[in-house]
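The values are calculated or read from the model by the stated rules, or taken from the named source; none is laboratory data. In this text, all values refer to a predicted model and were calculated from it rather than measured experimentally. When we count neighbours, we look across all protein chains shown, and the Cβ atoms used for this are built from the backbone with ideal geometry, even at glycine.
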Amino acid sequence: MIISPVFLDAYRVLLLGSGAREHAMAQAMASSPRCQRLWVHPGNAGTEAWALDQPLDWRDTSQLADFVVRNGIQLLVVGPEEPLVKGLVDHCRQHPLLQNLLIVGPDAHGAMLEGSKDFSKAFMQRHGIPTARARTFHAAQRVEAEAYVQQHAMPVVLKADGLAAGKGVLICNTPQEALDGLSQFWTEQKFGEAGAKVLVEEFLDGIECSVFALCDGKDYVLLPTAKDYKRVGEGDTGLNTGGMGAVSPPPFATHELMERIEERIVRPTLHGLRSEGIDYRGFLFVGIMKVGEDPKVIEYNVRMGDPETEAVLPRIKNDFLEVLIAAASGRLRGLELLVDPRFAVTTVVCSGGYPGDLQLGYPMAGLTERDCAEDERLFHAGTKREGSVCVNRGGRVVAATVLDRDLKEAARRSLALAKEIRFEGAFCRTDLGQDL
Ligand code: AMP
Ligand code: GLY
């Protein structure tokens, strides 16, 4: 493909994913003067302006590589973890026609930080990174595992080693619950292959936050920090979800805490990756538990958080596409992030039944007819266009973000914005930020 010289400095970009995270990233990239053309796949009703005009199985790496070659794509941004864990980046790196493709996202080895909790725990232990104590057991070691959990301090945490779409963590309050938990992994096989190995982990009592480093293989920039609300019910009750909302920054993420996190966790992690020969270019999402004044790692993810992205990106004032190009090409050094000092609160509007059996396919009102003000954003997640209407097609449907100098006001206005989105069964949490 021949690209016009006028566009030599402008980029053709493919973004993979279909959540509100990707809608937020797409908006941020599309607003850059360096964005010549953007494709978002599989996308949602909010990203349809950037949809592909042909079918493409995004899980098929050969089809994807062909698409990238045929369309002269120069930058590939991978939203979710699954393609990274499955080796999409390695496939592209080995492809003779994709040697110049810039990629935001680590290779399969780096992605093991998220893809295997056993790998990430051992990595942290090797590099002296503070985390909960844990031991890993295989299904074949069941008798030993049962004896171990029964003498463990309560609560105890059981974690599937592999990817379990955020559902593979059980917090057990009694030895009996822990034994029942092991049965869920090994008798009922609820998490399939991902639960063949189980980590039995010390419970960390504290407050959680999500820290994001964008890495270029050598250097990194910290993006704004956020707090995610994971439980479905008011007051952090009920089942775990992908995330019901987010606040950025959480006021407890002070300068001192962030310095401690960089010094004890972020820098040793990147140093560890390099020392193990991993050229990590992409987002590193560190789930932190602040225990007293000490930050400890709960988990690594190799992508941005959702819904955290919907609160974090609206606060970044840089040209986001330029920031991503710098990361993918190893040129982050010296880059300074300009961050809006206002609070961002994101409220997620969910389908009835979420996170259980979903009530889907209802026409939605309040979404397309609304022009957002400078300090408001509406991001689509599980939405689909059907003729002239949008219907809900996933658990998390829309993310409503508001920026405001006052945290309580940002939360109040984010909830009001979320409530403008109406469809049968829609609900959201109404208490975000009230604990801060
Ligand atoms: P993960 O899938 O590792 O993010 O775990 C899901 C959620 O379980 C986390 O966001 C925490 O709220 C909780 N969790 C995981 N590990 C621990 C732990 N060791 N102590 C306390 N809570 C935990
Ligand atoms: N909101 C947590 C996550 O994206 O994993």
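Quick notes on this one:
- The condition (being within 21 Å of V13 (Cα to Cα), among the charged types (D, E, K, R) and either within 10 Å of ligand 1 (Cβ to nearest atom) or at pLDDT 95 or above (or both)) is satisfied by just one residue among E310, E299: E310.
- Any hit, region 331-345, residues being within 16 Å of ligand 2 (Cβ to nearest atom) and either touching a Pro at 6+ places or on another chain (Cβ under 9 Å) or modelled with pLDDT of 95 or more (or both): yes
- Residue within region 374-389 that is surrounded by fewer than 19 Cβ atoms within 10 Å (Cβ to Cβ) and small (G, A, S) present: yes
- Residue in region 148-160 that is under 28 Å from S329 (Cα atoms) and outside any helix (DSSP H, G or I) present: no
- Checking R59, R12 one by one, the residue that is outside any helix (DSSP H, G or I) and modelled with pLDDT under 95 is R59 and no other.
- Of all residues in region 94-121, those that are of a type in the set (A, V, I, L, M), more than 17 Å from N301 (Cβ to Cβ) and surrounded by fewer than 19 Cβ atoms within 10 Å (Cβ to Cβ) total 2.
- For region 102-111, the condition holds for at least one residue, the condition being that it is over 30 Å from F203 (Cα atoms) and among the acidic types (D, E).
- Residue list for region 119-159, filter: touching a residue at least 12 places away in the same chain (Cβ under 8 Å) and of a type in the set (A, V, I, L, M): M124, I129, A132, A134, A139, A145, V149, A153, M154, V156, V157, L158
- For region 171-221, the set of residues classified as more than 25 Å from R303 (Cα to Cα), surrounded by 16 or more Cβ atoms within 10 Å (Cβ to Cβ) and away from ligand 1 (no atom under 16 Å from the Cβ) consists of L182, W186, listed by residue number.
- With a requirement of 2 or more residues that are modelled with pLDDT of 95 or more and in contact with a helix residue (DSSP H, G or I) (Cβ under 8 Å, 6 or more places away or on another chain), the strands (runs of 3 or more DSSP E) lying completely within region 361-416 that satisfy it span 376-380, 383-386, 396-404.
- Tabulated pairs, region 320-339, first over 19 Å from G105 (Cβ atoms), second exposed (fewer than 14 other Cβ atoms within 10 Å of the Cβ), C-beta under 6 angstrom, 6+ apart or interchain: L338/K317
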